[in-house]
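**Student:** Take this structure, written in structure tokens, and hold onto it; I'll ask about it next.
FYI, it's all coordinate maths here, none of it is from the lab. Everything numeric here is computed off the predicted structure, so don't read it as measured data. Cβ sites come from the backbone with ideal geometry, for glycine too, and all protein chains shown count toward neighbours.
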Amino acid sequence: MATIFTRIINGEIPCYKVYEDEKYFAFLDINPLKKGHTLVIPKVEDDYIFNLDDETYAGLCLVAKKIAKALKESTKCQRVGVTVMGMEVPHVHIHLVPMDKEKDMLFSNPKLELSADEMKSIAEDIAKRI
Ligand code: 5GP
């Protein structure tokens, strides 16, 4: 059965898309730690980042780098934090989180509740800077 993220890629589940190319996809995390919290994923399904073949892994990191630059510019954060966990969704994803202090990266922090309009405008602003 397709992962929830494959269903997002296929447009079966809506998302706030930030980026897409032939092999990779990026969209806003539905439960953001910070405004602009983005997930970057390979289109290929695998549940563990270090199982990816070298080319896919390297490509994923390069796409994450490109998006992180746009994210930093868009949110005016100090830097973009990077986390890989995958404890919830079994489809490789890199979390990119705009941060101004160390505690911004704590996944135990309460998540933001943003309106659909705000999520849409955040995604559009990041996307246009890529
Ligand atoms: P992890 O697997 O790295 O522990 O966490 C998975 C992340 O995916 C969580 O931050 C969660 O909010 C996000 N997530 C789970 N389901 C969806 C979804 O359907 N749409 C979006 N945009 N994000 C999701």
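**Student:** Out of every Cα pair in segment 88-130, what percent are spaced more than 15 Å from each other?
**Tutor:** Here the long-distance tail beyond 15 Å is 64 percent of all Cα pairs in segment 88-130.
**Student:** Quick one: net charge around A123, please, counting Lys, Arg +1 and Asp, Glu -1 for every other residue with C-beta under 13 Å from its C-beta.
**Tutor:** Taking every other residue near A123 into account, the sum is -1.
**Student:** By the scheme Lys and Arg +1, Asp and Glu -1, what is the net charge of all other residues having a beta-carbon under 13 Å from that of M85?
**Tutor:** Local charge sum for M85: -3.
**Student:** Now for a separate question. Cut-off is 10 Å between beta-carbons; in what order do D29, D21 appear when sorted fewest neighbours first?
**Tutor:** Least crowded to most crowded, the residues run D21, D29.
**Student:** Still on this structure, I have one more. Could you tell me the center-to-center distance, by alpha carbons, between segment 1-37 and segment 90-126 in angstrom?
**Tutor:** 12 Å
**Student:** So the label point goes 7 Å from the Cα of E12 along Cα→C-beta, right? Which residues of segment 34-68 then have their backbone N under 13 Å from it?
**Tutor:** Counting backbone N atoms under 13 Å from the label point, the list is empty.
**Student:** If R0 is 41 Å, what FRET efficiency do you get for D21 and K103 from their C-beta distance, rounded to 0.05?
**Tutor:** 0.80
**Student:** Specify the angular offset, from 0 to 90 degrees and rounded to the nearest 10, of the alpha carbon long axis of helix 54-75 from the longest principal axis of the alpha carbons in the chain.
**Tutor:** 20 degrees
**Student:** How high is the FRET efficiency from E55 to M87, r the C-beta distance, R0 30 Å, rounded to 0.05?
**Tutor:** About 0.70, to the nearest 0.05.
**Student:** While we're looking at this one, here's another question. Please give the direction-averaged projected area of the C-alpha convex hull for the chain, in square nanometres with one decimal.
**Tutor:** 7.6 nm²
**Student:** Please report, to one decimal in angstroms, the Kirkwood hydrodynamic radius of segment 24-67 built from all distinct Cα-Cα pairs.
**Tutor:** Evaluated over segment 24-67, this radius sits at 11.2 Å.
**Student:** With only alpha-carbon atoms in the gyration tensor, what are the semi-axes of the equivalent ellipsoid for segment 62-114, in Å, largest first?
**Tutor:** 18, 16, 10
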